[in-house]
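Right, one structure below, let's go through it.
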Amino acid sequence: MLIPHPLLGPRDAQEFVYLGPAALIDRPQITFPLTDASAALDAFHVYLHERENPAGLHRELWFHEQGDRSWLVVTRDTRTHDIVGAELATDIARAVGRGRGPEAPPPANKDTA
Amino acid sequence: MTYSGFRVFWEGLRGNKGWRPVWRDPDPKAAYDIIIVGGGGHGLATAYYLARVYGQARIAVLEKNWLGGGNVGRNTTIIRSNYLLEGNQPFYSFSMKLWAGLEQELNYNAMVSQRGVLNLCHTDAQRDAYRRRGNAVRMSGDDAELLDAAQVRQMAPFLNFDNARFPIKGGLLQRSGGTARHDAVAWGYAHGADKLGVDIIQNCEVKGFRIEKGMMRGVETSRGYIAASKVGVAVAGSSGLVMAMAGMKLPVESHVLQAFVSEGLKPTIPGVITFGAGHFYVSQSDKGGLVFGGDIDGYNSYAQRGNLPVIEDVCEGGMALMPMIGRARLLRAWGGIMDMSQDGTPIIDRTPVDGLFFNGGWCYGGFKATPASGYCFAHLIATGEPHPTARFFRLDRFRSGHVVDEKGMGAQPNLH
C-alpha cells in the first residue's frame, strides 16, 4: 500500500505504524472537579474499547515512524485496501479545537533586545 | 449415514454408489427455537452440542456462503492448550479434551494428530517466562515439558541453533498439542448436528434482527423472515457488522491474518514449531506442504487477503529459524478476517438484548477453541448461565476492568 503523505508524497505503508480509528483523536474531555465519575468511566470505556469497525471507508491514524514522524489520518477502504486520501492529523485536531493550536511566535532573542 | 473402515471397503466393492451427502440441504422453516448465525466451526459446534448435550430441538444454523468457507477453512490448523492465565487455560484445556474424543463422537475423520507443539525460547528471560507458563499449564492438569537445547536438537536437528542473534536455548513442549484437518472439523460437526435434526441452511445471509421491547423475535434473512426467541451469533470477522444490526458496538476490530503453504516436501517437521524471537509457526501437512503463518497485517481489513510486507516478514522468520526451507517454493498465501478483541481474549456472553447471545473476539486463536467454544456457547444459550470454563469471557469486562490480557498489550487490538 502507498500512503499519499500530504508533505512527502506517496510513501510505502511499511514506513508507518498503524494505531486505529481516527476517532481516537476525540479523547473525552474531563473537567475537574469530577462530578460524575461513573459517566467519565463510561466515556473513556467507549473511547478506548468500542469500535465502529466498518466494512468500507475507514478513517484511521498512521504514524510515519520511519519518516518525518508525523501522524496522518488516512481514509482507506477496508474491503479493498484502496487508500482514498491522507491528511495531517494535527490539521484535523486543530480544526475541531483539539490540537495545540497555531504555532506560538518564536521567543524574542534576548541578546538583541 | 455412519462411516467405518468396513463401509469404505464395502463401498469400494460396489463402485462407491452408496455414499450420501454428509448433511441435508433443507429450506428454512418459518420458526425455530434457536438460530445460530454463522456456519463455521464455532457455529456448527454450538448447534451440535445444543442438540447432543443440552437436549435442544428445532435448531437452525444460518450461513451466508457455503459451510466452513470462512476462518475454519483458512487457519493453520493448530490445536494446543498452553495458556498462562486463569481465565484462559481451563477453557483451552477443556477444548483439548474434546479434541481428543472428537472423531469417535462425531463419527467423522477430522485427522486430529496430537504430535506436539514446541515453542522455542532464545533468551534466559524467555525461558523463565516459559517455565512459568509451563507450570500454569501443568497446574490446570495439562502437559508441558521444558526442553533444553540438546533435547530440542534431538527433536528438530534442522533448526538454526547457533543463530548469532537468536540462538535456540530450549523450548516448551506440549505433547498433547498438534493439528487437525480444519475443513473436516466443520464437516464433522455439520454431519453430527444434521444427524441430530439441526437444519443447516447455506446461502442464507442475515440482513437484520427483529427486536421488540428488548426481546429477540427473529431474524430477517436473504431467504425471508425466520422467527426465533434465541439467536446465537458466531461470525468471527463479521462480528462487528452483524452485531451492528442489533445496535451494538463491540470491543473488536477486524484484521487480516495471512497463512501460507509451500510445495509438498518429504516428511521433515515432527510437530508444530514456533519461533520465539519473531512471529512464525510451522507444521507439515499430511500432503507434505509446510503450513505456516505469522503476524496479522496490522490494519483494519475485511479483504480476506493481505499485503506483501507481511509475507516477506513471515518468510524472514522462517529463514531465521530453519534456513533449509530457503529453496522451497511458496505455493499459496491467503487471508482470513480475525475479530481482534481489545485484550486478545474471546467473548462468550449474553447481550443487552434478551435472547441474543454473542460468541466472538477470537483474534487469531479460534480454531483450537472450536469444540469448547461450541460447548460453552451451547451451555450459555441453553441455560442462560456461562459455562464454568468460559466465565471470564464476559462482554462487560472492558467496562469493569476485568480484562484477560494474555500478552499484556493493553487495549490495542493489532498488537494481540
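Data for the structure
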| item | result |
| --- | --- |
| Those GluC sites (Glu not before Pro) in segment B:1-108 that DSSP places in a loop and that have at most 16 other beta carbons within 10 Å | B:GLU86 |
| For q = 0.09 Å⁻¹, Debye-computed log10 I/I(0) when each Cα of the protein assembly as shown counts as one equal scatterer | -0.71 |
| Segment B:306-416, relative contact order in percent, only Cα pairs under 8 angstrom and at least six apart counted | 29 |
| Tail fraction, Cα-Cα pairs, segment B:1-156, threshold 20 Å, whole percent | 67 |
| Relative contact order computed over chain B (Cα-Cα under 8 Å; 6+ residues apart), in percent | 22 |
| Residue-count net charge about B:GLY70 - beta-carbon cut-off 10 Å; Lys, Arg +1, Asp, Glu -1 | +1 |
| Candidate lysines for bridging to B:LYS97, where Cα separation is under 17 Å - those fewer than 8 sequence places away on the same chain excluded | B:LYS368 |
| Span per principal axis, largest first, for the Cα atoms of segment B:344-416 (Å) | 34, 27, 18 |
| Eligible aspartates and glutamates near B:LYS266 by straight Cα distance, threshold 16 Å, same-chain separation 8 or greater | B:ASP286 |
| Shielding by other protein chains, B:248-255, mean Cβ within 10 Å | 5 |
| Ellipticity estimate at 222 nm from DSSP helix runs (n ≥ 4, -39,500 (n - 2.57)) divided over chain B, nearest 500 | -8000 deg cm²/dmol |
| Per-residue HN-Hα couplings for segment B:208-220 [Karplus 6.51, -1.76, 1.60; θ = phi - 60°; Hz; x = Gly/Pro] | x, 10, 9, 10, 10, 6, x, 10, 6, 10, x, 10, 8 |
| All lysines inside 21 Å of B:LYS195 as judged from Cα atoms, apart from same-chain residues fewer than 8 positions distant | B:LYS17, B:LYS29 |
| Segment B:119-177: relative contact order in percent, alpha carbon pairs under 8 Å with at least 6 residues between | 49 |
| Expected-Rg normalisation [2.2 N^0.38 Å, Cα atoms] applied to chain B | 0.98 |
| Surrounding net charge for B:CYS204, when Lys and Arg each add one and Asp and Glu each subtract one, Cβ distance under 13 Å | -2 |
| Residues B:THR351, B:THR370, sorted so that the one with the fewest Cβ neighbours within 10 Å comes first | B:THR351, B:THR370 |
| Shielding by partners, peptide B:309-317 (average Cβ within 10 angstrom, other chains) | 1 |
| Chain A - Kirkwood radius from inverse mean 1/r over Cα pairs (Å) | 16.4 |
| Computed helical MRE - 222 nm, chain A, DSSP H runs ≥ 4 contributing -39500 (n - 2.57), nearest 500 | -5000 deg cm²/dmol |
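Read the figures in this text as sums done on the coordinates, not as results from a lab. Since the structure is predicted, the reported quantities are computational estimates derived from the model, not experimental observations. Ideal geometry is used to build each Cβ from the backbone, glycine not excepted, and the neighbour counts take in all protein chains shown.
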